[in-house]
Amino acid sequence: QVDGIQAIRSPGSTLKPLLYGLAFDEGIYTPKSQLYDVPTNFNGFEPENFDKIFHGKVSVEFALANSPNIPAVRVLQRISTPLMVEKLKKAEFQSIKKNASKLGLSLALGGCGVTLEELTNLFASYAHGGNFVKASFLAKESPATPQALLSEEATFFVNTILS
């Protein structure tokens, strides 16, 4: 038997909302900022889009809603992998903590291992104004202290785009 909730798997594009939220918080991009979705070589790393189509000049809003890979890698390059890793550590991603020094730009596309429980906790933070609180499963557990992952403003942008 496999515990699908605790099994470590690639998150694919599920970390992109956090990535773009961090870019909003850093003041680097707004939802209407423009990015290029064109074939790009990032020091030997040449990501492709799932559909094998490049969309040219796109808005950040389009990039988050439609999930092309090149814009996400560009955004991670701009905000820095260490910033993204720091936020994932705050959100208690255990394999990220263990492998932090090995992570690079592929992190934007799921180049790391995560569990369904970690992702669920992360996505709950978008419903809590960008504050991460690890889920508790027993009534006896005292609630965890909230950790700010994103500002309310960045969270609003992410939620609006994804909705």
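For Ile53, Ile28, Ile96, give me the order by solvent-accessible area with a 1.4 Å probe, most accessible first, ignoring ligands, DNA and RNA.
Ile53, Ile28, Ile96
Taking R0 as 30 Å, what FRET efficiency do you get between Leu138 and Ser163 from their Cβ-Cβ distance, rounded to the nearest 0.05?
E(calc), rounded to 0.05, equals 0.40.
To the nearest 20 Debye, how big is the dipole of the chain about its Cα centre, given +1 on the beta carbon of each Lys and Arg and -1 on that of each Asp and Glu?
Details: 15 positive and 15 negative charges, 59 e Å.
For the chain, the charge dipole is close to 280 debye.
Which loop-located trypsin sites (Lys or Arg not before Pro) does the range 90-163 contain, where loop means any DSSP state but H, G, I, E or B and the Cβ has at most 15 other Cβ atoms within 10 Å?
Lys140
Using a simple spin-label model with points 7 Å from Cα along the Cα→Cβ vector, what separation in nm is obtained for Ser10 and Lys57?
About 3.2 nm separates the two model spin labels.
For the range 55-144, which GluC sites (Glu not before Pro) are in a loop by DSSP, counting at most 11 other Cβ atoms within 10 Å?
Those satisfying the criteria are Glu141.
Out of the range 73-156, which chymotrypsin sites (Phe, Trp or Tyr not before Pro) are coil in DSSP terms and have no more than 11 other C-beta atoms within 10 Å?
Phe137
Of [x] 15.8, 53; [y] 20.6, 73; [z] 19.5, 63, which one was derived for Rg and Dmax of the Cα atoms in Å from the structure shown?
Of the labelled values, this structure produces [x].
What 222 nm value per residue comes from the helices of the chain, counting each DSSP H run with n ≥ 4 as -39,500 (n - 2.57) and dividing by all residues, nearest 500 deg cm²/dmol?
Computed mean residue ellipticity for the chain: -12000 deg cm²/dmol.
How high is the FRET efficiency from Ala127 to Tyr36, r the C-beta distance, R0 35 Å, rounded to 0.05?
It comes to 0.65.
If you fit an axis through the alpha-carbon atoms of helix 152-162 and take the longest principal axis of the Cα set of the chain, what angle between them do you get, 0 to 90°, nearest 10?
It is inclined by approximately 70 degrees.
Once Lys and Arg get +1 and Asp and Glu get -1 on their Cβ, which of Tyr20, Leu76, Phe45 lies farthest toward the positive end of the dipole of the chain?
Of the listed residues, the answer is Phe45.
Would you work out the charge dipole size for the range 44-126 about its Cα centre, treating the Cβ of every Lys and Arg as +1 and the Cβ of every Asp and Glu as -1, and quote it to the nearest 20 debye? Let's see the in-between values first.
On the way: 10 positive and 8 negative charges, 62 e Å.
Approximately 300 debye in magnitude.
Could you state the angle between the C-alpha long axis of helix 81-90 and the longest principal axis of the C-alpha atoms of the chain, as a value from 0 to 90 degrees rounded to the nearest 10?
20 degrees
The values are calculated or read from the model by the stated rules, or taken from the named source; none is laboratory data. Since we're looking at a predicted model, the values are computed, not measured. Cβ coordinates were reconstructed from backbone atoms using ideal geometry, including for glycine residues, and neighbour counts include every protein chain displayed. When the accessible area is computed, the model is the full protein with side chains, heavy atoms only, and any ligands, DNA or RNA have been set aside. Shrake-Rupley method; radii C 1.70, N 1.55, O 1.52, S 1.80 Å.
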